[in-house]
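This report refers to the structure that appears directly beneath it.
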2 protein chains.
Amino acid sequence: MTDTLKIAIAGLGTVGTATIGLLQAEPTHGGSGRTIELVAVSARDKSRERGVDLSGAAWFDDPVAMAEAPGADVFVELIGGEGGVALAAVEAALASGKAVVTANKALLAAHGMRLAALAEENRAPLLFEAAVAGGIPAIRTVRDSLAGIPITAVLGIMNGTCNYILTEMERGGRSFADCLADAQRLGYAEADPTFDVDGFDTAHKLAILSSIAFTTQIDADAVRVEGIRSIEPADLEAAAELGFRIKLLGIATMTAEGVDQRVHPTMVPRGSALAETSGVTNAVSIRGPAFGELVLSGPGAGGSATASAVVSDLTDLARGLAPSPLGRPSASLMPFRKAEASGHLGAYYVRLPIADRPGAFAALATRMAAEGISLEQIVQKTPHRPDHLPPLEEQTVILVTYPTSSAALARALADIEADGTIVRAPHVIPIAQTL
Amino acid sequence: MTDTLKIAIAGLGTVGTATIGLLQAEPTHGGSGRTIELVAVSARDKSRERGVDLSGAAWFDDPVAMAEAPGADVFVELIGGEGGVALAAVEAALASGKAVVTANKALLAAHGMRLAALAEENRAPLLFEAAVAGGIPAIRTVRDSLAGIPITAVLGIMNGTCNYILTEMERGGRSFADCLADAQRLGYAEADPTFDVDGFDTAHKLAILSSIAFTTQIDADAVRVEGIRSIEPADLEAAAELGFRIKLLGIATMTAEGVDQRVHPTMVPRGSALAETSGVTNAVSIRGPAFGELVLSGPGAGGSATASAVVSDLTDLARGLAPSPLGRPSASLMPFRKAEASGHLGAYYVRLPIADRPGAFAALATRMAAEGISLEQIVQKTPHRPDHLPPLEEQTVILVTYPTSSAALARALADIEADGTIVRAPHVIPIAQTL
C-alpha cells in the first residue's frame, strides 16, 4: 500500500462538492495514516464555480475516459441514473481494476449483480454505503455488524421527499398536491416527482438492502410498489384518531415461501421509532430473532450527509479493507425467490365511501364476515351539516380489520363494490403492527 | 488463514450460552467461508446444565490457564468485572498473541488504554462491540462508518435498567423504590443496583464510545455522574406537562476547552428518538456537522442481543479483519482534556419546595434575575385541599429556565436556599434541547 489513495470523482453536484470539502478538511482519514488525494474530476460544465479547490485535479469531459485513465486508485461515481454514462463509467473503472464508490441506487438495483461479479473478477472493490438511506450506515450494519446473524425483516422510511410530504400533510391538514408543491419549492422534490412519490426510489434501496440482509440476489423487479399519491387528508386524520401515523415504508421479509418485498403507505403506531421519524429524516429497522429490532435513523439525503457515507467507503479503502460488494461472493448468493403476497397476514385500515342508504352498513359487514374478516374498529364519519341542508349522499366509513390475508380482503371489497354499497373504490392501507 | 477460526469462551452465563447457540446455528459465518469452532470453555461450575452442546470443547477451571493454552485463535471474555480474573485472562490472552473479544465495559473503562497498547504490541486484535449498548452496533458506527467524519457529540440511553425504571415510574405514577423492586423481580436489575441506577455503568460505556468518537484517550474518571435515585413521580408528571420525558443520558461533547463527559437525568423533548425509547431498549445519538444526527436504537442488554454483537466481532476475525481496538493506533490518540462544566450553557428544569409565605415567589424570582437567568416557564403546583383543612405550609414551584450556565444557576439556588425561601434542597434536571 502506498501512502496515498488517489481518487477520481465523476459528478460535481452537491454530493460531489461536499465529498471534496470533507476530504480537504481532514486529508488523513480514519487513522489509516494514508492521505486521500483528489487526482481527477469530471462533470458537465467545467466553467461552473463550485466553491471547492479543484486546482490539483485533472479535468475530464468524459467520465468513461476518466474511468479508464491510469493514475487513480478509486473511481467515485456521483453522476446518477440507471444506465447511460454512469453505467459505462463504472464498468470501465472496474474492468481497469479500479475500486468504485457509488451513491447510485438505480444503477445498483438494475445492474448490481452483474457489477458485483465484474468487481470480483477484477479484484476491484465496489462500495455503495451512500446508495441506501444517505448518511445512515444501513449497508454496513447488515453487511458487517449483522453478518452471520439471521435477519427476518428489513424495513423503513427510505425516501425523504415522501416523508416530508406526509409529515406536512399531517401537520397542516393539507392536500398531497399542496405539500408536493412545497417540497418542490424547497428543493426536496424534483420537477418530475414520479421517481420519489410513486415509490420507485424506495424500491431500489429496498432491493439492495434486502439482497445483503437475506444473502439472495438483487431483484428490484420483484418489489410490489405503491406510492403516496392516493393518500388524502382524511386518511391522516383517521390515522391520528386511531393512534397511527402514515409512512411510506419499504418492507422486505424472509418467509418460508421466499422473500416478500413491498413498498406502500403503512399505518405505523405512534410512539414507535418509525412513526416519530418526521420530515426528510430516514429510518431503517432491522429485525431478527437474536437481537429483536435495531433502528437506525438519520439524514436520508442532502449533500454533506450523503458525502459522509461516500467518505466512509473511501476510508475503508484507505485502511486496506475490501469487503465483498454484497457481503459475500456474488456467486454464492441464493437466487431470488419471490413470496406470494396473497398469503400475507396483516391488519388493514380501509376507507370506504358508502352510499347513504338503509342497509349499506349491514351489507358491507356481511361481506366482510363472509370472508372471515373480523373488524377491530369501525368509525363512521358523519360530517356536521346545518339542519336546513339535506343529508349527504355519501358517507365515509373507516374499518380497522384484525389480521387477515390480503386475498380475502380483496375478495370482500370486490363483492362490496359489486353490491353497489360503495360509490367509489375503497382505500386500503396496511397496518404495521403485525409486520 | 486456515479454514477454521478456533475460539475459547470464558464465562457461560446468558451471553456465553447464547453466543454458542448462534455459532452452532450457522457455523460458517458471514460468507467468510471459515468455520468458527468452539475448542475450549471455562466457567465456575462444570456440572451445571446449560442447554448447549459443549462436548467438543476442552474444559478449563481456570480462565487464565485457558487464555495461555495453545489451540485457540480467539479468547472470548464474558466473565465481567473491572479487574480480577477477567483482567488477568485478557492480559494473558493478548500476551500470547490471541485475539480477544469481550463484552466487559468496566474492564475497558478502567484498563482500555493499557489493553489496547498490549494488543497492538502483540498484533492481537481486541474487539468489544458488545461492551457498549449490547446489540446496537455503536462502536462499529463511530469506529468505521464515521471514521474520518468529524463528530461533535455522542449521547444516549445506555442502561436498560434505568430506562425500564423511569418508563415504569412515568406509566404508573409510581416511586423509584417500587419500580426498582419490579426491575429486580424481573431480572433487569441486580440485588445491588448501585452500578446501574447510580450511573456508573452508563459512565463506563460513555467513556469508551467518547474515546473512539473524539480520538482521545479513555478517561472514565473524568465523567461527571449522577444517577436516578432522586427522581420523584412529581418530576415525571411535570415533565409530561411540559412536553418532556426524563431519561438517564450519557453525554459526551467535544468543546473548544476539551471533552465534556456527563451522566445525569435529562429532560428530553417528547417525539424525539431518545424520548420515545422506552423500557430496556437503548438508543445512541451521534452528532456532527456533516451528517447532523444519527440515532441507533435497539436491545441494550439480554443474552442473545449481546451475543449477536460478540458474533459480529468473531465474524470480523473470521473475515481476516483486525481494526485497531480504538479505531486508530492507541499511541496516536490525543491525551484526554476535561472541559470545565461551569461554562456549559443549557436550559434547566428546577423543582423548588417553597415555604408558603408572602413574598416567597418574588424572592426567588429576584435571585434568578440577579444572576441573569431568564425564566421560560413557571408552574406553581397547588394541590387541591378540602376547604376545612388549613393551607399547606409547603408548595412546589417548577421553573424552566432559558439557557444559562450551570455555575450561575448554582449561585442563584444557593442564595435562594440561604434566604430561607425553600424548605429543602431544590431538584435540578438539565433539558436536552440545547445539548
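Bear in mind that the values in this text are calculations on the coordinates, not laboratory data. In this text the structure is predicted, and so the values were computed from the model without any measurement. Ideal geometry is used to build each Cβ from the backbone, glycine not excepted, and the neighbour counts take in all protein chains shown.
The table below gives the values:
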quantity: Cα-centre dipole for the protein assembly as shown with unit charges at Cβ (Lys and Arg positive, Asp and Glu negative), debye to 20; calculated: 360
quantity: Neighbour-count ranking [beta-carbon atoms within 10 angstrom, fewest first] of A:PHE361, A:PHE214; calculated: A:PHE361, A:PHE214
quantity: Within 10 Å of each Cβ in B:361-374, the average number of Cβ atoms from other chains; calculated: 0
quantity: Neighbour-limited loop hits for GluC sites (Glu not before Pro), segment B:1-75 (at most 16 other Cβ within 10 Å; DSSP other than H, G, I, E, B); calculated: B:GLU49
quantity: Choice from A:ALA369, A:ALA69, A:ALA133 with maximal GNM fluctuation in chain A (Cα, 10 Å cutoff); calculated: A:ALA369
quantity: P(r) of segment A:64-203 over all Cα-Cα pairs, binned every 10 Å from zero, in whole percent; calculated: 11, 33, 29, 20, 7, 1
quantity: Position A:GLY172, label points 7 Å along Cα→Cβ, spacing to each other copy in nm (shortest first, one decimal); calculated: 4.5
quantity: Translational diffusion of segment A:1-72, µm² s⁻¹ [Kirkwood Rh, Cα pairs; Stokes-Einstein; 10 °C; 1.306 mPa s]; calculated: 125
quantity: Top positive-direction residue, dipole computed over segment A:345-434 with Cβ charges, set A:LEU352, A:LEU409, A:ALA432; calculated: A:ALA432
quantity: Distances in nm from B:ALA88 to the matching label points in the other copies, shortest first (labels 7 Å along Cα to Cβ); calculated: 7.0
quantity: Value of relative contact order over chain B, rounded to a whole percent, pairs C-alpha under 8 Å and six or more apart; calculated: 16
quantity: Difference of contour (0.36 nm per residue) and Cα-Cα distance, B:THR194 to B:GLU394; calculated: 68.9 nm
quantity: Globularity ratio of segment A:4-131, using Cα Rg and 2.2 N^0.38 Å; calculated: 0.99
quantity: Peptide-level mean, for B:128-139, of C-beta atoms on other protein chains within 10 Å; calculated: 2
quantity: Cα pair distances exceeding 22 angstrom across segment A:188-268, given as percent; calculated: 34
quantity: Within the protein assembly as shown, percent of DSSP bridges classed antiparallel, to nearest 5; calculated: 65
quantity: Segment A:298-422 - percent relative contact order, Cα under 8 Å, separation 6 or more; calculated: 32
quantity: Relative contact order %, segment A:4-131, counting alpha carbon pairs below 8 Å whose residues are six or more apart; calculated: 23
quantity: Residue order, fewest to most beta carbons within 10 Å, for A:LEU326, A:LEU186; calculated: A:LEU186, A:LEU326
quantity: Net dipole in debye of segment A:51-178 [+1 Lys, Arg Cβ; -1 Asp, Glu Cβ; about Cα centre; nearest 20]; calculated: 420
quantity: Test item: Cα-centred dipole of segment B:138-299, Lys/Arg +1 and Asp/Glu -1 on Cβ, debye; calculated: 480
quantity: Cα-only Debye scattering, segment A:345-434: base-10 log of I(q)/I(0) at q = 0.17, 0.26 Å⁻¹; calculated: -0.68, -1.42
quantity: GNM top mover of A:ALA222, A:ALA191, A:ALA275 - chain A, alpha-carbon springs below 10 Å; calculated: A:ALA191
quantity: FRET efficiency for B:ARG337 and A:ASP3, using Cβ-Cβ distance with R0 set to 35 Å, rounded to 0.05; calculated: 0.75
quantity: Extension reserve of the B:ALA407-B:ALA65 stretch, reckoned as 0.36 nm per residue once the Cα distance is removed; calculated: 117.9 nm
quantity: Candidates A:ASP178, A:ASP387, A:ASP235: whichever shows maximal mean-square fluctuation once chain A is modelled as a Gaussian network with Cα springs under 10 Å; calculated: A:ASP387
quantity: Estimated distance in nm for a label pair at B:ALA234 and A:THR152, the labels positioned 7 Å out from Cα along Cα-to-Cβ; calculated: 4.6
quantity: Helical contribution to [θ] at 222 nm, DSSP H n ≥ 4, -39,500 (n - 2.57), averaged over the protein assembly as shown, rounded to 500; calculated: -10000 deg cm²/dmol
quantity: Percentage of interatomic Cα-Cα distances in segment A:138-299 larger than 18 Å; calculated: 57
quantity: Teacher prompt: A:GLU37 distances to equivalent labels in other copies, 7 Å Cα→Cβ, nm; calculated: 4.6
quantity: Net charge, B:ARG34 excluded, C-beta distance under 15 Å - Lys, Arg +1, Asp, Glu -1; calculated: -3
quantity: Ascending count of other beta-carbon atoms within 10 Å, so fewest first, for A:SER406, B:SER211, A:SER312; calculated: A:SER406, A:SER312, B:SER211
quantity: Inverse of mean 1/r across different Cα pairs in the protein assembly as shown, Kirkwood, Å; calculated: 29.3
quantity: Chain A pair-distance distribution - Cα-Cα, 10 Å bins, rounded %; calculated: 4, 20, 28, 22, 13, 7, 4, 1, 0
quantity: Span from the segment B:72-151 Cα centroid across to the segment B:281-327 one, whole angstrom; calculated: 13
quantity: Shielding by other protein chains, A:319-329, mean Cβ within 10 Å; calculated: 3
quantity: Per residue Cα convex hull volume in Å³ - calculated over segment B:134-183; calculated: 92
quantity: Segment A:ASN122-A:ALA181, length gained on full extension (0.36 nm per residue, minus Cα span); calculated: 16.6 nm
